[in-house]
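Participant: The structure that follows is given in the form of structure tokens.
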Amino acid sequence: MDAAPDEHAQHESGEQGGRTAFAEKDVAYYLRMIQDEFEELAQVKKKGGAEHSGKPVVLVTGDTLGRGPEPLGKRLLTLFIKSLLTSPVKPKVLILMNGAVPLAQEGSELIESLTLLEEQGVRILVSAETADHYGTEEKIRVGQVAHMSAITELLLTAEKVISL
């Protein structure tokens, strides 16, 4: 009868040891998975995939900022873009799409500000599809015309996107 408790104790310690070994394998597996994810992210950054500078991508889809009276919204957007000129923190890219495309066209009061932003290193992209829709591509005076596929890739791979 004394042998049975010893066998039982060995069996329990074997199970316990098995559980510990299994748990250690699980933890090691999960840590390896997490490490691989960070390594994969580092590789994407190394390869220069998209805009990985820590600076945000700003998506502007209209000629106003916020909801409310239109004149106030236009003034707020103008102030925002002009504030970027003196801000020590600048976006990596400013994307103009839909109702924001006219901001980059001749006659816009923001042409000078957008041109200065470009000179300060902010990449300005203008939606080709929007310009084509309105037949205004030849009126664009600042920025680079970009197709939706390039804009989509940029938005999906950016570390941070601010949508106005």
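The values are calculated or read from the model by the stated rules, or taken from the named source; none is laboratory data. It should be emphasised that the depicted structure is a prediction, and the values quoted were computed from it without experimental measurement. Quick reminder, even Gly has a Cβ in these numbers, built from the backbone with ideal geometry, and neighbours come from all protein chains shown.
Participant: Report yes if residue 41 is under 22 Å from the mean Cα position of the chain (by Cα), assigned by TED's automatic domain parsing to the domain that holds residue 150 and at pLDDT below 95, otherwise no. So that I can check it myself, show each step before the final result.
Facilitator: On the way: under 22 Å from the mean Cα position of the chain (by Cα): yes; assigned by TED's automatic domain parsing to the domain that holds residue 150: no; at pLDDT below 95: yes.
When the stated conditions are applied, residue 41 does not pass them.
Participant: Of all residues in segment 84-99, which are out of contact with any Gly (no Cβ under 6 Å at 6 or more places or on another chain) and either touching a residue at least 60 places away in the same chain (Cβ under 8 Å) or over 16 Å from residue 57 (Cα atoms) (or both)? It would help to see each step written out before you state the result.
Facilitator: Within segment 84-99, the subset out of contact with any Gly (no Cβ under 6 Å at 6 or more places or on another chain) is 84-98.
Across segment 84-99, the qualifying residues are 86, 91, 92, 93, 95, 98.
Participant: Determine whether residue 159 is charged (D, E, K, R) and either under 19 Å from residue 87 (Cβ atoms) or without any contact (Cβ under 8 Å) to a residue 24 or more places away in the chain (or both).
Facilitator: Numbers: charged (D, E, K, R): yes; either under 19 Å from residue 87 (Cβ atoms) or without any contact (Cβ under 8 Å) to a residue 24 or more places away in the chain (or both): yes.
So residue 159 fits the description; yes.
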